Amino acid sequence: MNQPTDADTAADLAADTAVSLPEAAPAVPQLSAFRRIVVKVGSALLVDQARGALRHAWLAALAEDVAQLHREGREVLVVSSGAIALGRNVLGLPRRALKLEESQAAAAVGQIALARAWSEALAHEGVAAGQILITLGDTEERRRYLNARSTIAKLMELKVVPVINENDTVATSEIRYGDNDRLAARVAGMTSADLLILLSDIDGLYTAPPNEDPEARLIPVVPRITAEIEAMAGGAGTELSRGGMKTKIEAGKIATTAGAHMVIASGKVKNPIRAIETGARCTWFLAPANPVASRKRWIAGALEPRGVLHLDAGAVAALRRGSSLLPAGVKRIEGEFTRGDAVVLRGPDGAEVGRGLVAYDHDHAERLKGRSSDEIATITGFEGRTAMVHRDDLVLGGGG
């Protein structure tokens with residue numbers, strides 16, 4: 001549920017007292033406040049439309065920005081379009097809407113060039129890059145979602161910048177995002193990012209399409225996405241871009257619901273992230289809660305539990321101290337569940353202690369209960385996760 005803003009409060013007070021009060025302008029966030037940032041880059045920025053070639057100087061400047069965030073201790077993920085735009089030029093495909101199989105072929109050729117370009121640009125700044133190709137199913141089907149999330153988390157732990165794109169070589173028209181704005185928003189939610197930066201060929205959301213209405217005004221801050229805000233969105237802007245303001249608003253709904261702020265800013269300048277940091281024109285979309293709070297609210301109330309883990313008193317005490325649930329603290333298991341399902345946690349007296357996302361399928365959890373984490377590999381045959389339920393995936397009763 002969206003929390004009321006200062007503007008809502010002012011409006012309510014004015015109605016109650018019949019006095020016209022000025023609305024408080026929401027504060028503009030600062031980049032220094034964010035710890036995990038997803039940066040989305042569109043085809044129209046990366047690829048010169050006339051030549052069908054990569055804009056190397058622009059990419060090098062963006063890599064400087066990403067590397068600077070990285071050096072400051074921020075975790076950065078890149079969602080990059082451009083594979084199809086690069087590949088169609090190499091293959092000499094006509095400048096019209098491509099058929100599905102043509103898009104897939106162009107992506108297969110262009111993805112190699114795109115990955116190499118990002119790898120070389122970031123390596124020049126002393127940062128390693130890792131490529132991840134994702135389909136819609138990877139963010140919708142639970143097990144694949146968890147696998148993708150784990151891979152991205154490990155790359156960030158290793159100080160690698162993940163460069164993510166939709167896997168256009170295999171995705172069909174029925175099972176694809178069709179634009180990387182929404183993919184970037186899903187990635188922000190998947191990785192518990194607290195900021196999504198959409199670099200675009202426009203510097204933000206306007207009250208009307210600025211190329212059609214000279215009176216259009218930039219909206220610097222959107223406290224929440226309303227029907228009026230959605231109505232301001234237009235169609236796709238360029239031939240190379242499959243997105244438009246409409247998809248950016250949809251991305252904003254996905255990201256802010258997951259607890260990530262979002263900013264739309266111009267990518268037409270060099271060092272576009274530095275430009276945001278120094279006050280360039282842009283539009284901020286504010287999240288009602290942070291990613292951790294949003295995720296825990298989702299675990300607590302939006303998921304149907306598939307099983308029950310009965311814990312000993314020591315495990316309950318450890319959870320209340322902020323620890324993860326280890327296999328040794330589980331005494332009995334009920335239900336049939338798979339990795340990533342929600343389960344109820346109960347103490348020795350049968351009272352519900354909390355809920356969480358279990359790290360093992362039912363059969364493995366049954367074999368691991370009451371055992372030391374050091375025995376996991378011997379029991380399961382693979383190096384599994386140390387915790388049965390990690391503290392990041394855990395909500396204790398009373399909101400803990």
* Structure fact -> Counted residues in segment 298-343 being under 15 Å from Leu394 (Cβ atoms), out of contact with any strand residue (DSSP E or B) (no Cβ under 8 Å at 6 or more places or on another chain), in contact (Cβ under 8 Å) with a residue 24 or more places away in the chain and open to solvent by 40 Å² or more (accessible area, probe 1.4 Å) come to 2
* Structure fact -> When segment 379-400 is checked residue by residue, the ones that are surrounded by 15 or more Cβ atoms within 10 Å (Cβ to Cβ), part of a helix (DSSP H, G or I) and without any contact (Cβ under 8 Å) to a residue 60 or more places away in the chain are Thr380
* **Subset of segment 188-219 [in contact (Cβ under 8 Å) with a residue 60 or more places away in the chain, under 18 Å from Gly267 (Cβ atoms) and either in contact with a Phe, Trp or Tyr (Cβ under 9 Å, 6 or more places away or on another chain) or not in a loop (DSSP other than H, G, I, E, B) (or both)]** => Ala188, Leu195, Leu196, Ile197, Leu198, Leu199, Ser200, Gly204, Leu205, Leu218
* To do: For segment 344-378, name all the residues that are of a type in the set (Lys, Arg) and without any contact (Cβ under 8 Å) to a residue 24 or more places away in the chain.
  => Arg367
* State all residues of segment 198-224 that are open to solvent by 40 Å² or more (accessible area, probe 1.4 Å) and of a type in the set (Val, Ile, Thr); if no residue qualifies, say none. => Ile202, Thr207
* Structure fact -> Per the filter on segment 93-108, residues crowded, with 18+ Cβ neighbours inside 10 Å and in contact with a Leu (Cβ under 8 Å, 6 or more places away or on another chain) are Ala105, Ala106
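Which ones in segment 255-281 are open to solvent by less than 20 Å² (accessible area, probe 1.4 Å) and at positive phi?
Of everything in segment 255-281, just one residue is open to solvent by less than 20 Å² (accessible area, probe 1.4 Å) and at positive phi, namely Gly259.
The values are calculated or read from the model by the stated rules, or taken from the named source; none is laboratory data. Just so it is clear, the model here is predicted, and its values are computed rather than measured. Using ideal geometry, Cβ is built from the backbone for each residue, glycine included, and neighbour counts are taken over all protein chains shown. Remember, those area values only see protein heavy atoms, side chains included, never the ligands or the DNA or RNA. Shrake-Rupley method; radii C 1.70, N 1.55, O 1.52, S 1.80 Å.
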